[in-house]
Amino acid sequence: MPSDKPAKRADQLGHRPKRFWKDVTVTDDFGIALDGRAVKTPSGAPLILPNRALAQAVSAEWSAVGEHVDYDAMPLTRLGFAAIDRMPDMQDEIVTEVLRYADTDLICYPSEYPASLTEREHEAWDPVLHWVGHDLGLEFHQNLTLIHQPQPAQTLERLQAFVRGMTPYEQAGLMSATPLLGSVILALALWDGHLTGEAAFSASTVGETFQAAIWGHDAEAEQRRNGMKAHAVSLETWFSALR
């Protein structure tokens, strides 16, 4: 019989409970307390962060809550929930998803034309490819055509071991950053601090920025883009506190 936990989790994160607390504190074990009551994850586990810096960043989200809790405005809290409730039991799924992105990574497939776009992509992406190979030992091949070419098996094996060696908190950030940026390489650069959140997001949207300069900006698309960039910046905060 399938578990109803995902449905319960969605319900709990989807509703907007009214704020009932005055004081937010960080406990000695780096949990979050609201008027002395421990914040718990949707599965009922205490929300415990790995260090004081991250606990303080999460507590700031709870302090900033207005009349109602809005989890959409609390990205660090959501990452904490995911790290505790989901990551430990999803190791195989995490690796599968990361390898899926790595095999067709955005920055390994620059555009064939126009030349001006191709040049901008190489300027943004080539230094990151050099970094991930030199600093992390992950040699990705850049494909100069749109025909899929698999990445070296050794690279994917090393990446798998690398991801499995991360803490659940790091994995939660990586699993959020990778689809956001469309690139596990850019996500790793954000995790490492090699790129800021804004820089990683900018690198992931070279093509969109190029097209917008030609055809103009769409207000709805721009609003969506700003929200995604804000999430990338929150991931920078998350990863920075973990280092």
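The values are calculated or read from the model by the stated rules, or taken from the named source; none is laboratory data. None of the values given here were measured: they were computed from a predicted structure. Glycine gets a Cβ as well: all are built from the backbone with ideal geometry, and neighbour counts include every protein chain shown.
Do we have Y71 as in contact with a helix residue (DSSP H, G or I) (Cβ under 7 Å, 6 or more places away or on another chain), among the hydroxyl-bearing types (S, T, Y) and at pLDDT below 95 here?
It is true that Y71 is in contact with a helix residue (DSSP H, G or I) (Cβ under 7 Å, 6 or more places away or on another chain), among the hydroxyl-bearing types (S, T, Y) and at pLDDT below 95.
For the stretch 61-83, enumerate the residues that are of a type outside the set (S, T, Y) and either farther than 24 Å from R243 by Cβ or loosely packed, with under 14 Cβ neighbours inside 10 Å (or both).
Once the filter is applied, which keeps residues that are of a type outside the set (S, T, Y) and either farther than 24 Å from R243 by Cβ or loosely packed, with under 14 Cβ neighbours inside 10 Å (or both), the stretch 61-83 yields A64, V65, G66, E67, H68, V69, D70, D72, A73.
For the condition surrounded by fewer than 21 Cβ atoms within 10 Å (Cβ to Cβ), under 12 Å from the mean Cα position of the chain (by Cα) and not charged (D, E, K, R), what is the one hit in G182, G197, G207, G193?
G182
Those residues that are farther than 13 Å from A189 by Cα and surrounded by fewer than 13 Cβ atoms within 10 Å (Cβ to Cβ), I need them from the stretch 102-136; list them, please.
Those that are farther than 13 Å from A189 by Cα and surrounded by fewer than 13 Cβ atoms within 10 Å (Cβ to Cβ): E112, Y113, P114, A115, S116, E119, E123.
Considering the stretch 115-152 alone, what residues qualify as being free of Cβ contacts under 8 Å to residues at least 12 places away in the same chain and more than 25 Å from the chain's Cα centre (by Cα)?
Listed by number, the residues that qualify are A115, T118, E119, I147, Q149.
Residues of the stretch 50-92 being of a type in the set (D, E, K, R) and either in contact (Cβ under 8 Å) with a residue 40 or more places away in the chain or touching a His at 6+ places or on another chain (Cβ under 6 Å) (or both), which ones?
E67, D70, R78, D85, R86
Please go through the stretch 148-161 and pick out each residue that is surrounded by 15 or more Cβ atoms within 10 Å (Cβ to Cβ) and within 18 Å of W131 (Cβ to Cβ).
Q151, T155, R158, L159, listed by residue number.
If I filter the stretch 21-49 down to residues being assigned to a loop (DSSP other than H, G, I, E, B) and small (G, A, S), which single residue comes out as nearest to A60 (Cα to Cα)?
G36
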